[in-house]
Amino acid sequence: MAEQQKPTGPVGPPLLDLTIDNITPNTIRINSQSPDARLTYLLARLVTHLHDFARETRLSTDEWMAAIEFLIGCGKICTDVRNEFILLSDVLGLSLLVDSINHPKPPQGTEGSVLGPFHTHDAPLLENGSSMTSDPAGETMLAICTVKDVQGNPIPGVHIDIWETDSSGHYDVQHSGRNEPSERCVMVSDAEGKFWFQGIKPVPYPIPNDGPVGKLLGRLNRHCWRPAHVHFMFGKEGWDKLITALYLRGDPYETSDAVFGVKKSLVVDLDKVDKETAEKYGVKEGSWLLKHDFVLTTQEETEKLRDRLATEALEKLGLNLKLVDHLPVPDLD
């Protein structure tokens with residue numbers, strides 16, 4: 001007869017006679033053996049809210065299993081170029097919430113928006129003035145932008161990821177025959193903090209509704225449309241990463257974005273390219289013109305603001321916490 005195998009890891013506290021009322025503190029207790037204080041705190045709060053949700057809703061077994069199958073479905077439809085879990089986070093408003101918590105902006109700074117599920121890492125690095133579109137059906141748009149700090153000084157050498165849909169409202173990765181990136185590029189701001197490129201006038205489009213998230217929106221009687229916009233992501237060492245987008249004013253979905261990305265400060269008007277601008281930038285007169293000044297904050301500025309806002313929020317909640325590496329953990333001192 002084989003010898004009974006003995007536990008190799010920590011046994012932990014005894015867990016017997018668990019009930020609706022005592023399962024939560026006991027789960028937190030056994031999850032609190034890690035030396036990682038932040039992990040312990042995250043799991044404690046997650047378990048607390050999950051268990052309270054189950055108790056408050058009297059969650060049925062069928063509903064619980066449906067939720068598990070929903071998450072399994074999200075995983076199955078994910079690919080290297082489509083992330084259904086990001087989409088889920090977006091439509092629940094969580095993406096925008098997390099970005100707002102982690103990347104607060106002073107009044108002068110450009111506000112953030114959602115990343116979305118279709119950013120890729122294969123966009124080509126293009127010279128300023130280049131075209132990032134291969135869509136002959138799109139309406140030509142020239143974008144002339146600057147990157148500055150909160151004092152108005154130009155920031156050179158910023159890498160800017162830029163991406164948008166084609167004129168049919170699809171990202172390049174949504175086309176089965178995609179051979180190379182289109183409607184996306186990476187640019188670098190020049191010595192004056194300036195970058196400019198040719199794209200197409202953005203159009204509104206539906207987020208993917210052929211998967212679990214789309215079906216959920218249907219059950220909730222919500223539409224799946226996003227207003228016309230162009231995505232931007234700014235990165236340079238020492239500066240807080242900015243993920244944002246510019247939205248066209250007057251779009252029919254401007255005030256009902258399916259993923260909650262629109263902010264008033266990010267809504268813009270398009271102009272038309274005049275003769276002088278057309279000659280200077282090598283585009284056709286009468287093309288659409290997007291002009292915008294982006295304002296970045298330093299990493300230090302953002303961390304100070306985030307710490308202050310976190311401390312104020314925790315005090316309002318009456319939580320006995322301290323910040324370690326800018327993140328709250330229980331203050332046991």
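Some observations on this one:
- The combined condition, being under 27 Å from Thr302 (Cα atoms), buried (at least 18 other Cβ atoms within 10 Å of the Cβ) and touching a Lys or Arg at 6+ places or on another chain (Cβ under 7 Å), is not fulfilled by Pro154.
- Among the helices (runs of 4 or more DSSP H) confined to region 21-93, the ones with at least 2 residues that are in contact with a Cys (Cβ under 9 Å, 6 or more places away or on another chain) and surrounded by 12 or more Cβ atoms within 10 Å (Cβ to Cβ) are located at 84-91.
- Taking each residue of region 113-125 that is touching a residue at least 12 places away in the same chain (Cβ under 8 Å) and farther than 16 Å from Val188 by Cα and looking for partners that are among the hydroxyl-bearing types (Ser, Thr, Tyr) and buried (at least 19 other Cβ atoms within 10 Å of the Cβ) with beta-carbon atoms closer than 8 Å, six or more apart or interchain, yields Ser113/Thr244; Val114/Ser95; Leu115/Ser95; Phe118/Tyr171.
- Of the residues Leu266, Leu323, the single one that is within 18 Å of the chain's Cα centre (by Cα) and in contact (Cβ under 8 Å) with a residue 12 or more places away in the chain is Leu266.
- For Ser131, the criteria (1) within 22 Å of Asp210 (Cβ to Cβ); (2) out of contact with any Asp or Glu (no Cβ under 6 Å at 6 or more places or on another chain); (3) not charged (D, E, K, R) hold in every case but one, which is (1).
- Selected residue [more than 25 Å from His170 (Cα to Cα), acidic (Asp, Glu) and at pLDDT below 95] from Asp307, Asp274, Asp325, Asp293: Asp325
The values are calculated or read from the model by the stated rules, or taken from the named source; none is laboratory data. If you're wondering where the values come from, they're calculated on a predicted model, not measured in any experiment. Positions of Cβ are generated from backbone atoms using ideal geometry, with glycine treated the same way; all protein chains shown enter the neighbour counts.
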